[in-house]
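Peer 1: Submitted below is the structure of interest, expressed as structure tokens.
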Amino acid sequence: MAVLGRDEALFYLNGGNDEELYSLADSVCKDSFGGEVYLRAIVEFSNVCNKKCAYCGLRAPNSKISRYRMDEDSIVEAAEMAANAGARTIVLQSGDDFSYSSLQIENIIRRIKDSHDVAVTLSLGDRSMGEYEYWFDCGADRCLLKLETTDHGIYEKIRCGEKFENRLKLLRSLQEIGYEVGSGIIVGLPGCGTDQLADDLFFLTGLGLDMIAAGPFVPHPDTPFSHAGQGDPDLSFRFTALARLLNPLTNIPATSALDSLDCAGRAKGLKRGCNVIMPSVTPAARRGDYNIYPGKNMVSVDATDSIFHAAELIRSLGLVPSNSKGSSRRKTDVR
């Protein structure tokens, strides 16, 4: 881990020397991963959500969105198409949709893993500890649980009264169960300046995460934050580059939000310390309805083409699409 103090982090976050920062981050990333980039294929199987998060287009009060739920067979089929196209990690993602029972999620996990040699990541929100422990025993490997900000007051505001401490408790419990755990923030949320980003950076680093994600805030027109200013992609690049310096072995994705504000955003991220790309393999007919923010999932292609285009992007940068599951290099006991 690089020795990096708060003052130095703020210097870079404020644009003190982008060229130096990005060069350092790229060098550390290549030293850690050898130019390989991991592909994580996301199946966004439901956009139904019981939350009211002020920044998210899937929030329960949004009546303008076309809601959908995929059945078990459709979810497994999407995962199989991605695996057959070369993806070695399948991410099962949804809103906080409790209509899927523990047994249904178990069946999906087992069917995917029984058919393909892949890792399964869960991004299902605030399900119970007992459920997550059960799904780990069923074969799930990883969990994503974003914090969005580490400022308790801002967290409570953007998540409509929910407590930061409860989210953090769940995240730490997932680590105790044995999952590889990822978390992250949104760069440029209303009220979050570079001082707060420095706090976020060191807080996330202190959690010992297996993945750290950060993407720029993109205001959604059907949310309370519709008129807020959008996040700065450059600030997002700086954050993930600094995260790379502080967490050389942690997986860091070039997020889809980057492409929403900069058509070359993910490509730039992969040359500035990121080592993961996460193409959507949600069926084309539904992909555009997983509309967390404007610009997400705007290209409707099938799963095979989605994986192919992601791999071609990686190769165009002189990098290598990895054929491994991309298990955490922070852990020595990888199943």
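The values are calculated or read from the model by the stated rules, or taken from the named source; none is laboratory data. Note that the structure is a prediction, hence the values are computed from the model and not measured. Note that we place each Cβ from the backbone using ideal geometry, even for glycine, and neighbour counts take in every protein chain shown. What goes into the accessible areas is simple: the full protein's heavy atoms, side chains included, and nothing from ligands, DNA or RNA. Shrake-Rupley method; radii C 1.70, N 1.55, O 1.52, S 1.80 Å.
Peer 1: Along Cα→Cβ, 7 Å out, is where each label goes; now give me the distance between the ones at residue 289 and residue 160 in nm to one decimal.
Peer 2: Result: 2.0 nm between the two label points.
Peer 1: By accessible area of protein heavy atoms, probe 1.4 Å, what ranking do 309, 116 get, highest first?
Peer 2: The most accessible residue leads, giving 309, 116.
Peer 1: If the elastic network links every pair of Cα atoms under 10 Å, which of 248, 294, 216 fluctuates the most in the Gaussian network model of the chain?
Peer 2: Result: 294 has the largest fluctuation of those listed.
Peer 1: Please identify the cysteines of the chain that lack any partner cysteine with a Cβ under 4.7 Å from their own Cβ.
Peer 2: 29, 49, 138, 143, 160, 192, 263, 274
Peer 1: Could the peptides 19-28, 145-154, 90-99 be put in order, highest first, of the mean number of other beta-carbon atoms found within 10 Å of their residues?
Peer 2: Packing order, densest peptide first, comes out as 90-99, 145-154, 19-28.
Peer 1: Please list 263, 29 from largest to smallest accessible area, probe radius 1.4 Å, with all protein chains kept in place.
Peer 2: From most exposed to least exposed: 263, 29.
Peer 1: For region 152-307, just say rounded, prolate or oblate: build the C-alpha gyration tensor, square-root its eigenvalues into a ≥ b ≥ c, call rounded for a/c under 1.5, and beyond that prolate if a/b exceeds b/c, oblate if not.
Peer 2: Rounded.
Peer 1: Do any GluC sites (Glu not before Pro) in region 72-101 lie in a loop, going by DSSP, with at most 15 other beta-carbon atoms within 10 Å of their beta carbon, and if so which?
Peer 2: Here no GluC sites (Glu not before Pro) fit, given the DSSP loop and packing criteria.
Peer 1: While we're looking at this one, here's another question. Would you please classify the overall shape of the chain from the alpha carbon gyration tensor, given that a ≥ b ≥ c denote the square roots of the eigenvalues, rounded means a/c under 1.5, and beyond that prolate means a/b larger than b/c while oblate covers the rest?
Peer 2: rounded
Peer 1: Note down the relative contact order for region 164-282 as a percent, whole number, built from C-alpha pairs under 8 angstrom at least six residues apart.
Peer 2: 22 percent
Peer 1: May I pose another question? When the helix-only estimate is applied to the chain (DSSP H runs of n ≥ 4, each -39,500 (n - 2.57), divided by the residue count), what is the mean residue ellipticity at 222 nm, nearest 500 deg cm²/dmol?
Peer 2: -12500 deg cm²/dmol
Peer 1: Does region 71-142 come out rounded, prolate or oblate, given a ≥ b ≥ c as the square roots of the eigenvalues of its C-alpha gyration tensor, rounded meaning a/c under 1.5 and, failing that, prolate meaning a/b above b/c?
Peer 2: Prolate.
Peer 1: How many angstrom lie between the Cα centre of region 221-267 and the Cα centre of region 174-211?
Peer 2: 13 Å
Peer 1: If you don't mind, another one. Can you give me the C-alpha center-to-center distance between region 110-161 and region 36-53, rounded to a whole angstrom?
Peer 2: 10 Å
Peer 1: Hand me the tally of lysine pairs in region 52-199: alpha carbons under 22 angstrom apart, and the pair either on different chains or 8 or more positions apart.
Peer 2: Taking region 52-199 as the scope, the lysine pair count is 9.
Peer 1: If we count every other residue with Cβ under 12 angstrom of residue 15's Cβ, Lys/Arg +1 and Asp/Glu -1, where does the sum land?
Peer 2: -4
Peer 1: Would you tell me the accessible area of residue 217, worked out with a 1.4 angstrom probe on the heavy atoms of the protein chains, in Å² to the nearest 10?
Peer 2: Here the accessible area works out near 10 Å².
Peer 1: Just order 253-262, 44-53 by mean Cβ neighbour count inside 10 Å, highest at the front, would you?
Peer 2: The peptides rank, most packed first, as 253-262, 44-53.
Peer 1: Would you kindly calculate the mean projected area, averaged across all directions, of the convex hull enclosing the Cα atoms of region 53-176, in square nanometres?
Peer 2: It is 8.4 nm².
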